[in-house]
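Working notes, structure below.
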Amino acid sequence: MDKEKDINKRFKMAVERNFDQSAGIYDTFEEKYHLFETLTKKLCELNAPFAPKRVLDVGCGTGISTLCIHKSLKKPPIIYAIDISEAMLIKARERLTGKKGIYFVRGDAEKLSIYFHEAFDAVFYTASIFLLPNFRESIDQACKLILPGGVLAISFYAGLFNARGRDAFALAFPDLKYQYGTVNYEDLMKCLAAKKRFRTAQFDYRFEISKEYLFDFLSIPAQSAGVYPKVPYIERIPMIRDLCDKLTGKVRPLFMGWKFVVSRKA
Ligand SMILES: C[S@@+](CC[C@H](N)C(=O)[O-])C[C@H]1O[C@@H](n2cnc3c(N)ncnc32)[C@H](O)[C@@H]1O
C-alpha cells in the first residue's frame, strides 16, 4: 500500500473510532442546540421547490439529517442513508423506527458505487464531506448516481470567526494550526467546478455562539479529536475548557460559520 493510501486508511479508522465514541454526546448536543437539524433544513430550503423521490444521505450519523429530509418534504422520499460508524447508525435506526422507505447501510462514503446501483434525485452530505480524505472519489461516484435535474447538497464546516469574518482560531492562537477535517473548502469547490454537467452555487451561514455552545460543540469526542488528536478524551476536556475560555476572552462576539453548496445536474 502506498503512503497516501495508508494515511487515508488510518484517518478513516480514527474517524470511525471517534464517532463510535461520540454517538451519545452528539445527540445530547443536538437536543440542546438543533444545529444539525437546522443545517439540513436550510439545505432543503435552498433546493426549493424540491420534490425528490429518492435521496441518498451520505454520513447520516445518528439520523438527524435523515429524519429532517424525511420531515422537510411534503411527500417523504425513499431515503438510503450510509455511515461508517456502527454506534451512530444504531441511534439512527432508533430515531427512524416506524418510518417507511428508509434504509440504512453501514459502509464507506468513498465506495458508494459498491453499495448503490440505482439513481437518486438528491445526494446529501450534511456535515460529512470534510471527513473524507478521498472526497473526490466519493463526489465522482455520487455525481454518477444523480439523475439529470438532480442535486448534490452539501453543508461544510467553515470554522469560527470574529465579527469581521476573520478566523477566530488564528486570531486567538496564532501558533496553533487547526483545520477541522481533512478537506480544504477551495479544493472541494475546484472539484465541483470541474464537473461539466453540474452548476454549483454556494451560500454562507454564520451565527453567534456563546462560550457554553463552543464548549458543548468541542466536547463531542469527534470534534475535540480534531483539535487534540493525540490526547485521550478524558484529558482533552480540561484542555477544551481552557481553550474556550481563552478563545471567547480574545474574540467577542464569536461566530460559527458553515457553507452550503448546491450543485445541480443538467
Ligand atoms: C458530523 S456527523 C454528521 C451526521 C449527520 N449527517 C447529521 O447531520 O447529523 C458526520 C458523520 O459522517 C460519518 N463519516 C465519516 N467518515 C465517513 C466515511 N468514510 N463513510 C461514511 N460515513 C462517514 C461519521 O461517522 C459521522 O456519523
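The values are calculated or read from the model by the stated rules, or taken from the named source; none is laboratory data. All of these numbers come straight from a predicted model, not from anything done at the bench. As a convention, Cβ positions derive from the backbone with ideal geometry for all residues, glycine included, and neighbour counts pool all protein chains shown. Accessible surface is based on the protein model in full, side chains and every heavy atom, while ligands, DNA and RNA are left aside. Shrake-Rupley method; radii C 1.70, N 1.55, O 1.52, S 1.80 Å.
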**Message:** Among Ala142, Ala109, Ala168, which one shows the highest mean-square fluctuation when the chain is modelled as a Gaussian network with alpha-carbon springs under 10 Å?
**Reply:** Ala168
**Item:** Charge context of Ala48, other residues only, Cβ under 12 angstrom, K/R +1, D/E -1
**Value:** +2
**Asked** Given the chain, what percent of its DSSP beta bridges are antiparallel, to the nearest 5?
**Response** 55 percent
**Complete:** Expressed as a percent, the accessible surface of the stretch 1-59 that is carbon or sulfur, using a 1.4 Å probe and the full set of protein chains, is 55 percent
**Item:** Separation between Cα centres of the stretch 227-266 and the stretch 136-169, rounded to whole Å
**Value:** 18 Å
**Asked** Put +1 on the Cβ of every Lys and Arg and -1 on every Asp and Glu Cβ in the chain; which of Gln179, Gln21, Ile240 then has its Cα farthest towards the positive end of the dipole?
**Response** Gln179
**Prompt:** What net charge is computed for the residues neighbouring Val251, neighbours being all others with C-beta under 10 Å from the C-beta of Val251, Lys and Arg scored +1, Asp and Glu -1?
**Reply:** +3
**Message:** Net charge within 15 Å of Arg10 by Cβ-Cβ distance, Lys/Arg positive one each and Asp/Glu negative one each, not counting Arg10 itself?
**Reply:** 0
**Prompt:** What chymotrypsin sites (Phe, Trp or Tyr not before Pro) does the stretch 62-110 have in DSSP loop regions with at most 15 other beta carbons within 10 Å?
**Reply:** none
**Request:** Summarise the accessible area of the stretch 109-266 (1.4 Å probe, protein heavy atoms) by the percent that is carbon and sulfur.
**Result:** 52 percent
**Asked** Which residue, Lys211, Lys190, Lys42, has the most motion in a Gaussian network model of the chain that connects Cα atoms within less than 10 Å?
**Response** Lys190
**Fill in**
Glu86 and Arg17 label points (each 7 Å along its Cα→Cβ direction) are spaced in nm at 1.6 nm
**Fill in**
Looking only at lysines whose Cα falls under 21 Å of Lys3's and that sit 8 or more positions away or on another chain, we get Lys12, Lys111, Lys230
**Within a Gaussian network of the chain (alpha carbon springs, distance under 10 Å), most fluctuating of Ile114, Ile139, Ile84** = Ile114
**Message:** Just to confirm, what accessible area per residue do you get for the stretch 3-265 at 1.4 Å probe, in whole Å²?
**Reply:** 49 Å²
**Request:** Sort 145-153, 217-225 for me by packing, meaning the mean count of neighbouring Cβ atoms within 10 Å per residue, highest on top.
**Result:** 217-225, 145-153
**Message:** Place a point 7 Å from Cα of Ile7 in the direction of its Cβ. Which residues in the stretch 117-138 have their backbone N less than 14 Å from it?
**Reply:** 133-135
